[in-house]
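*Asks:* First the structure, which I've put down as structure tokens, then a few questions once you've had a look.
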Amino acid sequence: MPGFIRLITALLHFVLLSSVICAQDITPRPVNTIMGSGPGFAVNPSVRILFDKSFMQQAVYFADQLEQQCGIGLQTMPLADTKSIGKDFRLVFDSNKVTKDEMYLLEVNDKLVTLRAKTVRGIINGMQTLLQLLPVEKTTNAIIPAIQITDYPRFAYRGMHLDVVRHFFPLSYVKKYIDYLTFHKFNTFHWHLTDDQGWRIEILSYPKLNSIGSWRDSTLIGHFKDTPARYDRTRYGGYYTREEVKEILAYAAVRGITVIPEIDIPGHSRATITAYPELSTDPKAAWGVAYTWGMYNRQNNVLAPNPATFQFLRTIFHEIADLFPSPYIHLGGDECSKLWWKKSDSAQAFMRRNGLKDEIALQTYFIEEVSKYLKEKNKKVLGWHEIMEGKLDTSTIVMNWSNDEKAIEAATKGFSVIMTPGKPYYFDHYQSKDPKDSLAIHGYNSLESVYRYEPVPNSIVKKGLADKILGGQANVWTEYMEYSTKVDYMVFPRMTAVSESLWTPLEQKDYADFIRRLKSNIIPRYSLWGSSWFKDFEKWTADK
Ligand code: ACM
């Protein structure tokens, strides 16, 4: 071969290889990766996506993702209708080789890309890995490196929460947020739908929850601790209709994401008692939907124990249970101030009639009642750790937003636990100590502290309770997130760090390598999605 042709060939080879993503760049890091030999698989417009019929919708999803990322539009076709398999993607249902629910097996050589799974979530997880092996650029000939990956999650529960009450986000953003979860191999979206500042889901049986409870007259400007407090005096609110909720549920189902709704009771109920004052301890008061933050012990936001309230709770929890396919419904249970029940003659009389010795027992009574209503619909209970005082059955899951001691207490009582501690899994906290950083509630949860947090701390292992920890979740309370761009800024890149902690075997975690992958392969995705993110994550480390 003449020298210049050899040179051009070598150059071409270099250009081709340079657009091949390195398998070591995948985040969360897979359990087991074996590099193959050979040139890898060329994705060009003649490649098809062949699918087993159980993965038809996922094949369409994958084709859409490929088109968005690389600008290549591929045809999808059932495997059963395919006479000859050429250089194609094959999405295979396989319950022999695939031994775990969310597991996938990926094999790439120059002839075929074979992705095996036995659940929707498994095949979707494998697709995220594949997408990370493809460049983020428009191309008609991307190369996927020859590789074999066996991968599955460390934890069964991997969640992200979003508060749509303090600020309300359009349906399109809820979908985008679900796409973030999907990409990061989470499996649960915790949708915080009701609180003091508004009701955000249509309820047919109690329409004033929406006509009154979904709207507030004003919103606090600036930080909650600023004096004097300032308000914008602008009506604010809205809610998702049942049709919109169904649209979200269908969207999440294609992606294997479970949506758990939270209806927060018996505290955090100011919007409810504004719509229906007869459910409050002071029915004659002129309630208003809250327009400030931090109601606990400062303003009355509790439900009164009376027949109308229990009728209300049974009806709305049944309506919610009928709408959401999730086996678990979140009933809140957090931060219920006892002040208003102490001051209420009728609440005190109710307690005496029912042999409830104090207000803690009354809170327990509420949780046990709603648990019964949910059981009538074959649903199980999930709630913040404050629910565990009651005699709930051990199918109940406790979401611990406090410290390890609370997790130990819950696990000792026989409950499964999801770890969502304020430090470091609250993404409403600052991610820097820069006074010029965008406003947040308080605290400091750096990317590094999020990455290094271990959801099964030693204290829990020592008590022999490790298997009670189902997983973890980061919470996104939106008091200081007026727009979706601010949500993006607060969650990225911390969401990526949580995803690795909940997926990757502990012994394979490595912060320096995580930062390398974040920069080389994940941040380009944030840009692809048009999402903002916090850029100073290397400066603000755990101990600064
Ligand atoms: C909570 O932060 N009140 C769950």
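*Asks:* Under the rule of at least 5 residues apart or a separate chain, name every residue whose amide H is placed under 5 Å from the amide H of I143.
*Replies:* Amide H to amide H, under 5 Å and 5 or more residues apart or across chains, I143 pairs with V43.
*Asks:* R0 = 25 Å: FRET efficiency of Y511 with D404, Cβ-based, nearest 0.05? Walk me through the intermediate numbers first.
*Replies:* Values: r = 22 Å, r/R0 = 0.86.
Efficiency, rounded to the nearest 0.05: 0.70.
*Asks:* With +1 on the Cβ of every Lys and Arg and -1 on the Cβ of every Asp and Glu, and nothing else charged, how large is the dipole of the stretch 428-544 about its Cα centre, in debye rounded to the nearest 20? Show your work: numbers first, answer last.
*Replies:* Values: 16 positive and 16 negative charges, 33 e Å.
Here the size comes out at about 160 debye.
*Asks:* In percent, what relative contact order does the stretch 406-453 have, based on Cα pairs under 8 Å that are 6 or more apart in sequence? The partial results should precede the final answer.
*Replies:* Working: 43 pairs, mean separation 14.6, N = 48.
It comes to 30 percent, rounded to a whole number.
*Asks:* If you don't mind, there's one more thing I want to ask. Give me the number: length gained by fully extending L204 to E137, i.e. 0.36 nm times residue separation minus the C-alpha to C-alpha distance, one decimal in nm.
*Replies:* On the way: separation 67, 0.36 × 67 = 24.12 nm, distance 4.63 nm.
The span from L204 to E137 would gain 19.5 nm if fully extended.
*Asks:* I need the shape label for the stretch 183-248. Rule: rounded when a/c is under 1.5, else prolate if a/b > b/c, else oblate, with a, b, c from the alpha carbon gyration tensor. Before the final figure, lay out each step's value.
*Replies:* On the way: a/c = 3.05, a/b = 1.38, b/c = 2.21.
Taking the square roots of the gyration eigenvalues as a ≥ b ≥ c, the stretch 183-248 is oblate.
*Asks:* Here is a follow-up. As an exercise, identify the trypsin sites (Lys or Arg not before Pro) in the stretch 283-319 lying in DSSP coil whose Cβ has no more than 15 other Cβ atoms within 10 Å. Write out the running numbers ahead of the final one.
*Replies:* Numbers: sites: K284, R298, R314; in loops: K284, R298.
When the trypsin sites (Lys or Arg not before Pro) of the stretch 283-319 are filtered for loop state and at most 15 Cβ neighbours within 10 Å, K284, R298 remain.
*Asks:* For the charge dipole of the stretch 105-263, defined by +1 on Lys and Arg C-beta atoms and -1 on Asp and Glu C-beta atoms about the Cα centroid, which residue among G238, T194, I147 has the Cα displaced farthest towards the positive pole?
*Replies:* The listed residue farthest towards the positive side: I147.
*Asks:* Additional query: Taking square-rooted eigenvalues a ≥ b ≥ c of the alpha carbon gyration tensor, is the stretch 211-365 rounded, prolate or oblate, where a/c under 1.5 means rounded and, failing that, a/b exceeding b/c means prolate? Intermediate values should be presented prior to the final figure.
*Replies:* Details: a/c = 1.96, a/b = 1.15, b/c = 1.70.
It comes out oblate by the Cα gyration axes.
*Asks:* If you take the square roots of the eigenvalues of the alpha-carbon gyration tensor of the stretch 39-113 and sort them as a ≥ b ≥ c, do you get rounded (a/c under 1.5), prolate (a/b over b/c) or oblate? Before the final figure, lay out the partial values.
*Replies:* Values: a/c = 1.43, a/b = 1.36, b/c = 1.05.
Judged from the Cα gyration tensor, the stretch 39-113 comes out rounded (a/c under 1.5).
*Asks:* So who's got an amide H within less than 5 Å of the one on S446, skipping anything under 5 residues away but keeping other chains? H placed 1.01 Å off N, in plane.
*Replies:* none
*Asks:* Please sort by residue number the trypsin sites (Lys or Arg not before Pro) in the stretch 165-266 whose DSSP state is loop and whose Cβ has at most 13 other Cβ atoms within 10 Å. Walk me through the numbers before you get to the answer.
*Replies:* On the way: sites: R166, K175, K176, K185, R200, K208, R216, K225, R230, R233, R235, R242, K246, R255; in loops: R166, K185, R200, K225, R233, R235, R255.
Sparse-neighbourhood loop trypsin sites (Lys or Arg not before Pro): K225, R233, R235.
*Asks:* Next question. Give me the one-decimal nm value for the distance between modelled label points at W529 and A229, 7 Å along each residue's Cα-to-Cβ direction.
*Replies:* 3.4 nm
*Asks:* Multiplying the sequence separation of K284 and T485 by 0.36 nm and subtracting their Cα-Cα distance, what value in nm do you get? Walk me through the numbers on the way to the answer.
*Replies:* Details: separation 201, 0.36 × 201 = 72.36 nm, distance 4.09 nm.
Between K284 and T485, full extension yields an extra 68.3 nm.
*Asks:* Tell me, what is the FRET efficiency for L112 and C22 to the nearest 0.05, using R0 = 22 angstrom and their Cβ-Cβ distance as r?
*Replies:* On the way: r = 21 Å, r/R0 = 0.96.
My answer for the efficiency is 0.55.
*Asks:* Please name which of Y180, A304, M481 has its Cα lying farthest along the dipole of the chain towards the positive end, using unit charges on Cβ (Lys, Arg +1; Asp, Glu -1) and the Cα centre as origin.
*Replies:* So the residue we want is Y180.
*Asks:* Sticking with the crude label model, points 7 Å out along Cα→Cβ, report the distance from M35 to K423 in nm, one decimal please.
*Replies:* 4.2 nm
*Asks:* How large is the direction-averaged shadow of the alpha-carbon convex hull of the chain, in nm²? Intermediate values should be presented prior to the final figure.
*Replies:* On the way: hull surface 114.3 nm².
The directionally averaged projection comes out at 28.6 nm².
*Asks:* DSSP loop (so not H, G, I, E, B), at most 13 other Cβ within 10 Å: list which trypsin sites (Lys or Arg not before Pro) in the stretch 57-150 pass both filters. Before the final figure, lay out the partial values.
*Replies:* Working: sites: K83, K87, R90, K97, K100, K111, R116, K118, R121, K138; in loops: K83, K87, K97, K100, K111, K118, K138.
Listed in order of number, the matching sites are K83, K97, K111, K138.
*Asks:* If you don't mind, there's one more thing I want to ask. If I take every Cα pair under 8 Å that is 6 or more residues apart in the stretch 47-178, average their sequence separation and divide by the length, what percent do I get for the relative contact order? Please report the intermediate quantities before stating the final value.
*Replies:* Numbers: 213 pairs, mean separation 30.8, N = 132.
Averaging sequence separation for qualifying contacts and normalising by length gives 23 percent for the stretch 47-178.
*Asks:* Explain nothing, just the number: relative contact order of the chain, from Cα pairs under 8 Å at least 6 residues apart, as a whole percent.
*Replies:* Relative contact order here is 14 percent.
*Asks:* Too long at a 30 Å Cα-Cα cut-off: which of K406/K509; K53/K97; K97/K519; K175/K544; K406/K433; K379/K509?
*Replies:* Working: K406/K509 26 Å; K53/K97 18 Å; K97/K519 34 Å; K175/K544 35 Å; K406/K433 28 Å; K379/K509 36 Å.
Exceeds cut-off: K97/K519; K175/K544; K379/K509.
*Asks:* A further question on this structure: Treat every Asp and Glu Cβ in the chain as -1 and every Lys and Arg Cβ as +1, leave all other atoms uncharged, and give the resulting dipole magnitude about the Cα centre to the nearest 20 debye. Write out the running numbers ahead of the final one.
*Replies:* Working: 65 positive and 60 negative charges, 73 e Å.
Computed about the Cα centre, the dipole is about 360 debye.
*Asks:* What are the ³J(HN,Hα) values, in whole Hz, obtained from phi via the Karplus relation 6.51 cos²θ - 1.76 cosθ + 1.60 with θ = phi - 60°, for each residue of the stretch 290-307 in sequence order, with x given for Gly and Pro?
*Replies:* Rounded to whole hertz, the list is 5, 10, 10, 10, x, 7, 3, 6, 10, 9, 5, 9, 10, 7, 7, x, 8, x.
Computed from the coordinates by the stated procedures, all read-outs in this text should not be read as laboratory data. These numbers come from a predicted model, not from an experiment. Note that we place each Cβ from the backbone using ideal geometry, even for glycine, and neighbour counts take in every protein chain shown.
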